[in-house]
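Colleague: Have a look at the structure that comes next, please.
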Amino acid sequence: MRSWGLFGLALLGCGSDAGGRAATRPQSANARRLVIASVGLLACQQNGQSALHHAGPAAGRIGDLWWIMLAAASAVFLLVLWVLFRAFTHRGFRAEPRTPSDDRTATRWVLAGGVALPAVVLTPLFVFSLHTLSELTPPAGDDALDVVITGKQWWWDIEYTVQSPQDHLRAANEIHIPVGRPVRIQLRSSDVIHSFWVPALHGKMDLVPGQVNTTWIQADSAGVYRGECAEYCGLQHTRMQFRVVALPAPEFASWLKEHRRPAVPPADSAAAAGQTVFLTSGCAFCHTVRGTAARGTTGPDLTHLASRRTLAAGTLPNTRGHLAGWVGNPQAIKPGNKMPHIPLRPEELQSLLAYLGSLR
Ligand code: CUA
């Protein structure tokens, strides 16, 4: 039963759309997708994106509710199978004349199965759901860390609450949080509806243009938890991923201090030439590098780009080679995204890569 439950969640919960479109496909394709979904489930467990391997209190409550609902649904399913079996083997099924006693029995079955059973099963589930819901409200206390996340086609803009201008910290696609402390998140969208979901930490919450929705996450242990957009938002919806990096409190404090600093000035001539390319060839119109004249806000803040794990919202690992491919032809890697192709000479690209690689 547990394995079926896990499989069900693989379809629902791991960002795979295997369940949704399988119905229209031939059987061999369905079987293939079934295998892919199962493998996907294993991958989900490995990459920290499984609601069943919860790592925070909110996901824990949701997980409890999920198992209880699965147990209740399974019990009802087995009961229905048993009743069906009895019905097929009952003498009444074999075209014998019905008696008034049969009619009374039938009425009792309809009342028991159609009224009493749903009431007995659904009422406790409803009450438990309300109880779970009440435990999922965002924390109100001052202890919580406040973060503002804006969904954009197709990446995540992350701002840590500003006490003063020098505390300003903007990041993209990677949310660092302290372990054991609630993080209150204001969710906004600047274009279409997205949905914020870190399965191991909490349920989904939509980001709706013109509206602020509040959710919260908390990680019980240090680690990297994968999250992604859970609402279809256009061509590159599946490549709108992010990471939540939970750090022990002292490490988080030093991360915050380190990342609030402006970018380090170029340390060598290649990086210096790359900075010039960055500032003069169009990058700076869309991107900010704090401490320089680059103050664009259309694209992600790149002040500490080199410290991130991925590029293009989880699309590529953050290596020099992948960065070269991304800058060289972003539309080939993530078609439809808003980063234009800027033609650069090979030596310009190399110095730009040296500069971007120095933004730690
Ligand atoms: Cu943003 Cu799907």
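Colleague: Roughly to the nearest percent, how much of the accessible area of the stretch 218-356 is carbon and sulfur, given a 1.4 Å probe?
Modeller: Its accessible area is 60 percent carbon and sulfur atoms.
Colleague: Here's a follow-up. Check each of the chymotrypsin sites (Phe, Trp or Tyr not before Pro) in the stretch 127-177 and keep only those in coil by DSSP with at most 13 other C-beta atoms within 10 angstrom; list them in order. Kindly include the intermediate steps, with their values, before the conclusion.
Modeller: Numbers: sites: Phe128, Trp154, Trp155, Trp156, Tyr160; in loops: Trp154.
Hits after loop and neighbour filter: nothing returned.
Colleague: Can you compute the modelled spin-label distance between Arg181 and Asp142, with each label point 7 Å from Cα toward Cβ, in nm?
Modeller: 1.4
Colleague: Rolling a 1.4 angstrom probe over the protein heavy atoms, how many square angstrom per residue are accessible across the stretch 72-135?
Modeller: 80
Colleague: Using the structure shown, list the pairs from Lys204/Lys334; Lys152/Lys257; Lys152/Lys334 with a Cα-Cα distance above 19 Å, or answer none. Mind showing how you got there, number by number?
Modeller: Working: Lys204/Lys334 24 Å; Lys152/Lys257 26 Å; Lys152/Lys334 14 Å.
Violating the 19 Å Cα-Cα cut-off are Lys204/Lys334; Lys152/Lys257.
Colleague: So, one more: Is the stretch 210-268 rounded, prolate or oblate when judged by the Cα gyration tensor, a ≥ b ≥ c being the square roots of its eigenvalues, rounded requiring a/c under 1.5 and prolate requiring a/b larger than b/c?
Modeller: Numbers: a/c = 2.07, a/b = 1.39, b/c = 1.49.
The shape class here is oblate.
Colleague: Here is a further query. Place a point 7 Å from Cα of Glu251 in the direction of its Cβ. Which residues in the stretch 340-360 have their backbone N less than 20 Å from it?
Modeller: In the stretch 340-360, the label zone of Glu251 (backbone N under 20 Å from the point 7 Å along Cα→Cβ) covers 360.
Colleague: With a 1.4 Å probe and every protein chain left in place, tell me how much accessible area Met69 has, in Å² to the nearest 10.
Modeller: Ignoring ligands and nucleic acids, Met69 comes out at about 80 Å².
Colleague: Set the Förster radius R0 to 35 Å, insert the Cβ-Cβ distance between Thr297 and Ser74 as r into 1/(1 + (r/R0)^6), and round the FRET efficiency to 0.05. Could you put the intermediate results ahead of the total?
Modeller: On the way: r = 51 Å, r/R0 = 1.45.
Approximately 0.10, to the nearest 0.05.
Colleague: Can you figure out the FRET efficiency of Phe85 with Gln211, using R₀ = 35 Å and their beta-carbon distance, to the nearest 0.05? Don't jump to the answer; show the numbers that get you there.
Modeller: Working: r = 51 Å, r/R0 = 1.46.
For Phe85 and Gln211, the calculated efficiency is 0.10.
Colleague: Write down the Kirkwood hydrodynamic radius of the stretch 281-360, to one decimal in angstroms, obtained as one divided by the mean of 1/r over all alpha carbon pairs. All intermediate terms of the calculation are to be shown ahead of the outcome.
Modeller: On the way: mean 1/r = 0.0780 Å⁻¹.
Answer for the stretch 281-360: a Kirkwood hydrodynamic radius of 12.8 Å.
The values are calculated or read from the model by the stated rules, or taken from the named source; none is laboratory data. Here the structure is a predicted model, which is why all the values come from computation and not from measurement. Here Cβ is always computed from backbone atoms with ideal geometry, including for glycine, and neighbour counts include all displayed protein chains. All accessible areas refer to the heavy atoms of the entire protein, side chains included, with ligands and DNA or RNA removed. Shrake-Rupley method; radii C 1.70, N 1.55, O 1.52, S 1.80 Å.
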